1. Please list 3J(HN,Hα) in residue order for the range 30-43, calculated via the Karplus relation 6.51 cos²θ - 1.76 cosθ + 1.60 where θ = phi - 60°; whole Hz, with x for glycine and proline.
2. Hey, any idea what % of the chain's accessible area is carbon plus sulfur with a 1.4 Å probe?
3. In nanometres, what is the gap between the two model label sites at D237 and E41, each 7 Å from Cα along Cα-to-Cβ?
4. More than 16 Å apart: what percent of Cα pairs in the range 285-355 qualify?
5. Along the three principal axes, how long is the chain when you take its alpha carbons, biggest first, rounded to the nearest angstrom?
6. Provide the per residue accessible area, probe 1.4 Å, for the range 53-191, rounded to a whole number of square angstrom.
7. Among G54, S109, A91, whose Cα projects farthest towards the positive end of the dipole of the range 1-127, with charges put on the beta-carbon of Lys, Arg (+1) and Asp, Glu (-1)?
8. Taking only the alpha carbons of the range 38-88, what extent do you get along each of the three principal axes, in Å, biggest first?
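The values are calculated or read from the model by the stated rules, or taken from the named source; none is laboratory data. The structure displayed is predicted, hence computed values, not measured ones. When we count neighbours, we look across all protein chains shown, and the Cβ atoms used for this are built from the backbone with ideal geometry, even at glycine. For the accessible areas, the whole protein counts, side chains as well, though only heavy atoms, and no ligand, DNA or RNA atoms are used. Shrake-Rupley method; radii C 1.70, N 1.55, O 1.52, S 1.80 Å.
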Amino acid sequence: MITASDLLFSPFALGPLSLPNRLVMAPLTRCRAAQGNVLTELNALYYEQRASAGFIISEATQVSPQGVGYLRTPGIHTDAQVEGWRLVTEAVQRAGGRIFAQLWHVGRSSHVSFQPGRQAPVSSSAIRIRTGHRYTAEGPQPFSTPRALETDEVPGVVAQFEEGARRAKAAGFDGIELHAANGYIIDQFLRDGVNQRTDRYGGTVQNRARFLLEIVDAVNGVFGADRVGVRLSPRSDFNDMSDSNPKELFSHVAAELSARKVVYLHVVEPLAEQALDAAERVTPLIRERFRGALIVNGGYTLETAEQALRAGSADLVSFGVPFLANPDLPERLSRRAPLNAPDVSTFYSEGPRGYIDYPRLGEEQVAAAAQLSP
């Protein structure tokens, strides 16, 4: 039974979109694209099953061959990829849902085997990721050393995002999210643990934010700012990322994105009780400086999501793994029903198992009854 205090299940106006609830499906890489990094009817069914989310943010989607860094992840830079994504958007919208494309370029988080002509990946600076490996068709490999983009090359990467936005619009998406988090190329320009440039894209926070802001200006011209969001991860160390002053940097970024009227910021920061002292958190500063909608992500539960909404520290909450394992997550949470347990072994495998076969509420009982029937 939904009560008046359940803000998570209340409607929300996101730009021109009317959301039925405030549960956002976070982007989830599932590595199930077909040949050519093209999506199929299998992927369309997966997304359609989850259309009851307030809105869906697609899995990260490469804007160019240069932006590829993972096996079987979808792109949006060929006509075939656009057609594959159209299967997805039409399925979600037929089911009454809404979906944004997350536009992605991995930058240095790649390997030469993914790059056209086996060239070095590109980044803000020629600094290699030293922890972990990149999984390639040849097995696990150390990350390749990137080369720093020349100043006059940077507009070309901005153009890749702009073209990705055009293709996302042609594919029928309701909007786009720029992946500026988790140590991928935009984050590599933002944070000074990687960005060692001395040109107009390096040094001060204003210079390091320039690349992101140029991309925002370009894609706003395609979709309109009221259909553009940005994902940030101010303190994530994934992909060897760090910054000497994340509060200063992301306060500036939030203010600049607010001035550009992007419709939302999607901030990945673990809950204080899980990982960060309250004084270290960057999300409250972003909340102060950004006038659009704020989506928070970081291990939220029904209870902590409600607390964040009631406190006014967020407008929406995104859920990742819970949506992966529970296609009907809004219904399950609203009814305080048990959640399916995720099968970690199938997160990045191929085929339907662990992808489209998680039961909806009530289907578990039907399956059990079928097994007991003579």
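1. Karplus values, whole Hz, x for Gly and Pro: 10, 6, 10, 6, 8, 3, x, 6, 10, 7, 10, 4, 4, 5.
2. Ligands and nucleic acids excluded, carbon and sulfur give 53 percent.
3. 4.7 nm
4. Percentage above 16 Å: 57.
5. 71, 46, 37 Å, listed from the longest principal axis down.
6. 32 Å²
7. The residue sitting farthest along the positive end of the dipole is S109.
8. Extents along the principal axes, in whole Å: 34, 18, 16.
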